[in-house]
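The next block holds one structure in the form of structure tokens; read it before the comments.
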Amino acid sequence: MGSLTGQAVLRPFTLRRRLALLVLAVVLPLVTLNLALVYVGYRNDREVASQQALNVARALALALEGELHGRTLALEVLANSPALAAGDLDTFRTQAEALVARQAPGANILLLAESGQQLMNTAAAPGIPLPVRAYRINFERVLATGQSSISDLFFGLVVRRPVVAIDVPVPRREGERPLVLGLNPPLDAFDALIRRQKTSADWIIAVFDRAGVRVARAPDPDRFIGKPVIPELLQRWMSGANEGVLNAVSPDGAHVLSAFARLPEPYGWGISVAVPEAALTRSALVTAVTLLVLELAVLTLGLLLAREIARGVLRPITDLLTLAASPDELAPRAQDLGLPEAKQLARALLAEARQRRAATASLVDSERRLRLVVGELNHRAKNALATVQSLAMQTARGSAGGDPDRFVRAFTGRLQSLARAHDLLTAVAWEGAALDTVVRTGLAPWLDEAEDGLRSRFVLDVPACNPMPQVPPGQVQALVMALHELAVNAVKHGSLSVPDGHVDVTCRADPAGLTAAVEWREVAGPHVPGTPAQRGFGTKLLERALVRDLGPGSRVTLRFEPDGLQAKISFAPRPAAQMEAPM
């Protein structure tokens with residue numbers, strides 16, 4: 001069961017699935033790349049937003065420093081009033097109220113004794129008892145340093161609201177008790193400073209004191225004034241850092257990038273600018289979603305195109321399968337496949353099919369020829385055995401039968417001629433041999449003498465104008481045996497028995513190759529008295545067996561001329577198919 005499941009899982013993908021995977025392989029990396037670019041853009045936007053927020057914080061810090069410095073200078077000028085130096089508080093109050101009305105509407109100016117007792121407060125009517133300032137840190141810093149200073153946020157007892165104080169020392173003559181002149185500017189003046197920056201509506205800007213308590217904030221100032229800044233910022237602020245950018249969470253629970261900058265002393269306040277990360281991620285998400293929608297559309301289109309392409313490719317493949325199954329019938333359709341590569345493959349399949357059919361036909365023909373050769377060999381083996389038997393019997397009955405040595409020589413010579421005939425037929429695969437080749441094979445022992453440096457006793461004439469006909473196997477054997485007997489007879493009794501004698505052998509054939517002849521003429525031999533009265537084995541072989549083996553229309557003529565034997569063997573070369581019948 002597990003093996004079957006494994007085979008099902010490992011089943012090869014179809015072309016349609018492969019094309020779909022190809023589309024996915026192309027589109028998905030692009031999707032990944034685009035998302036990576038969106039993320040990189042988001043990170044860059046964070047860096048840009050962080051830098052922008054820090055730059056805004058620095059600019060606000062400079063603006064706030066200018067604002068506080070201007071108010072401090074105005075207050076220091078007022079502290080040098082002659083009326084104050086002369087102790088004329090009524091006149092000084094008038095001057096102070098004029099300064100408030102002219103430069104700091106909504107503010108109040110107060111004069112403090114060394115003990116913190118308020119001697120004058122423009123926020124209270126003249127003659128009303130005034131309290132001692134409860135918040136003494138900034139007041140005592142001015143007394144200790146003799147320099148102006150800005151307080152942290154504290155609760156004003158007279159105005160009954162959170163206030164900050166700009167305190168400056170009052171110049172005094174030697175021996176006089178020190179005095180401090182203070183200004184409580186309205187907190188909404190800092191809100192106006194923030195609004196003048198015209199930042200993005202979702203940015204959060206706050207002004208806070210040395211203790212990290214908000215003095216002003218936009219938006220929602222009433223909700224957050226008097227409360228500490230967020231813990232992450234407060235920790236960095238209290239560590240003494242002058243500026244920085246950090247990840248934090250706003251009081252509303254939103255993740256923000258918060259930048260801050262510290263004002264130098266004697267001010268010591270800070271400015272924070274927070275950029276909501278949602279504003280950054282919103283743009284990235286919109287871009288990512290837009291790209292995903294577009295890429296999904298491209299992917300869908302690509303899959304549809306892949307499906308159509310798969311159909312266009314599968315149709316020729318299906319036709320190719322049918323074509324491979326029966327190429328002969330569907331060969332004309334190879335030009336209608338609609339795909340150039342499929343056409344090339346179809347032509348290759350057809351060519352391979354033709355080669356396969358040709359090879360099959362060649363194999364069938366080879367098998368047929370093998371059967372023919374085996375049958376012929378079997379037939380020839382039987383004939384050879386019969387021929388050997390006949391040769392043995394005829395040789396034994398002849399003149400050599402009474403002499404074992406002569407019998408062996410005669411019988412061996414005839415067997416060798418039979419062997420030469422078989423060697424020739426084996427060399428030509430039993431397909432037949434040219435007439436002149438057959439003649440040379442029959443006379444080979446005597447023709448070889450010329451190759452050994454001896455004078456040839458045979459003159460072989462083969463006309464060059466006419467090609468020699470092909471002699472089938474049965475006639476080859478008969479002609480080789482007959483020529484052997486003629487040559488042996490010439491050696492014993494004819495022209496080859498004397499030194500000057502020789503034999504002229506001529507091969508003739510008509511141009512059509514329908515008839516052929518071998519002419520034998522002995523020259524310069526001993527005198528021949530005439531036709532011998534007794535017929536020997538050779539004569540019987542030529543006149544009887546040879547005519548039978550050469551087939552219908554053959555003729556053997558022997559003429560015993562006084563100058564030597566003359567023989568003519570005429571026959572019609574038979575087709576090889578006729579040689580299959582037993583002889």
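The values are calculated or read from the model by the stated rules, or taken from the named source; none is laboratory data. Note that the coordinates shown come from a computational prediction; the quantities given were computed from them, not determined experimentally. Here Cβ is always computed from backbone atoms with ideal geometry, including for glycine, and neighbour counts include all displayed protein chains. With ligands, DNA and RNA removed, areas are computed over all heavy atoms of the protein, side chains included. Shrake-Rupley method; radii C 1.70, N 1.55, O 1.52, S 1.80 Å.
Within segment 53-67, the presence of a residue that is open to solvent by 40 Å² or more (accessible area, probe 1.4 Å), over 20 Å from residue 190 (Cα atoms) and modelled with pLDDT under 90 is excluded.
Residues that are in the same structural domain as residue 123 (by the TED database), in a helix (DSSP H, G or I) and at pLDDT below 90: does segment 166-188 have at least one? Yes. The residue of segment 3-32 that is farthest from residue 311 (Cα to Cα), among those that are open to solvent by less than 70 Å² (accessible area, probe 1.4 Å) and modelled with pLDDT under 50, is 6.
Which of the residues that make up segment 472-506 are closer than 17 Å to residue 430 by Cβ, touching a residue at least 60 places away in the same chain (Cβ under 8 Å) and among the β-branched types (Val, Ile, Thr)? Across segment 472-506, the qualifying residue is only 480. Taking each residue of segment 348-368 that is free of Cβ contacts under 8 Å to residues at least 40 places away in the same chain and looking for partners that are surrounded by 10 or more Cβ atoms within 10 Å (Cβ to Cβ) and of a type in the set (S, T, N, Q) with beta-carbon atoms closer than 8 Å, six or more apart or interchain, yields nothing.
In segment 82-105, the residue that is nearest to residue 153 (Cα to Cα) out of those that are touching a residue at least 60 places away in the same chain (Cβ under 8 Å) and either among the aromatic types (Phe, Trp, Tyr) or surrounded by 12 or more Cβ atoms within 10 Å (Cβ to Cβ) (or both) is 104. Among the residues of segment 463-495, those identified as within 21 Å of residue 555 (Cβ to Cβ) and either among the β-branched types (Val, Ile, Thr) or out of contact with any helix residue (DSSP H, G or I) (no Cβ under 9 Å at 6 or more places or on another chain) (or both) are 463, 466, 471, 476, 480. Hey, does segment 124-141 have a residue that's under 25 Å from residue 250 (Cα atoms), assigned to a helix (DSSP H, G or I) and over 60 Å from the mean Cα position of the chain (by Cα)? Within segment 124-141, none of the residues are under 25 Å from residue 250 (Cα atoms), assigned to a helix (DSSP H, G or I) and over 60 Å from the mean Cα position of the chain (by Cα).
Looking at segment 526-534, is at least one residue surrounded by 15 or more Cβ atoms within 10 Å (Cβ to Cβ) and at pLDDT 85 or above? So far as segment 526-534 goes, yes, one or more of its residues are surrounded by 15 or more Cβ atoms within 10 Å (Cβ to Cβ) and at pLDDT 85 or above. Candidates in segment 174-207 are the residues that are without any contact (Cβ under 8 Å) to a residue 60 or more places away in the chain and more than 30 Å from residue 274 (Cα to Cα); of these, the one that is least open to solvent (accessible area, probe 1.4 Å) is 176.
Among the numbered conditions (1) open to solvent by less than 60 Å² (accessible area, probe 1.4 Å); (2) over 30 Å from residue 101 (Cα atoms); (3) more than 55 Å from the chain's Cα centre (by Cα), the only one that residue 228 does not meet is (1).
Residue count for segment 535-555 under the criterion of being touching a Lys or Arg at 6+ places or on another chain (Cβ under 9 Å), open to solvent by 30 Å² or more (accessible area, probe 1.4 Å) and farther than 13 Å from residue 481 by Cα: the result is 2.
Against the list (1) in contact (Cβ under 8 Å) with a residue 40 or more places away in the chain; (2) touching an Asp or Glu at 6+ places or on another chain (Cβ under 9 Å); (3) open to solvent by 40 Å² or more (accessible area, probe 1.4 Å), the condition residue 215 fails is (3). When residue 456 is tested against the conditions (1) under 21 Å from residue 562 (Cβ atoms); (2) among the hydroxyl-bearing types (Ser, Thr, Tyr); (3) outside any strand (DSSP E or B), the lone failure is (1).
Inspect segment 142-160 for any residue being in a helix (DSSP H, G or I), surrounded by 20 or more Cβ atoms within 10 Å (Cβ to Cβ) and hydrophobic (A, V, I, L, M, F, W, C) and give the result as yes or no. Looking through segment 142-160, at least one residue is in a helix (DSSP H, G or I), surrounded by 20 or more Cβ atoms within 10 Å (Cβ to Cβ) and hydrophobic (A, V, I, L, M, F, W, C). For segment 265-285, the criterion of being farther than 29 Å from residue 214 by Cβ, open to solvent by less than 40 Å² (accessible area, probe 1.4 Å) and part of a helix (DSSP H, G or I) is satisfied by at least one residue. Residues in segment 275-284 that are modelled with pLDDT of 80 or more and of a type in the set (A, V, I, L, M, F, W, C): 275, 278. The residue that is modelled with the highest pLDDT, among those in segment 396-443 that are of a type in the set (S, T, N, Q) and open to solvent by 50 Å² or more (accessible area, probe 1.4 Å), is 437.
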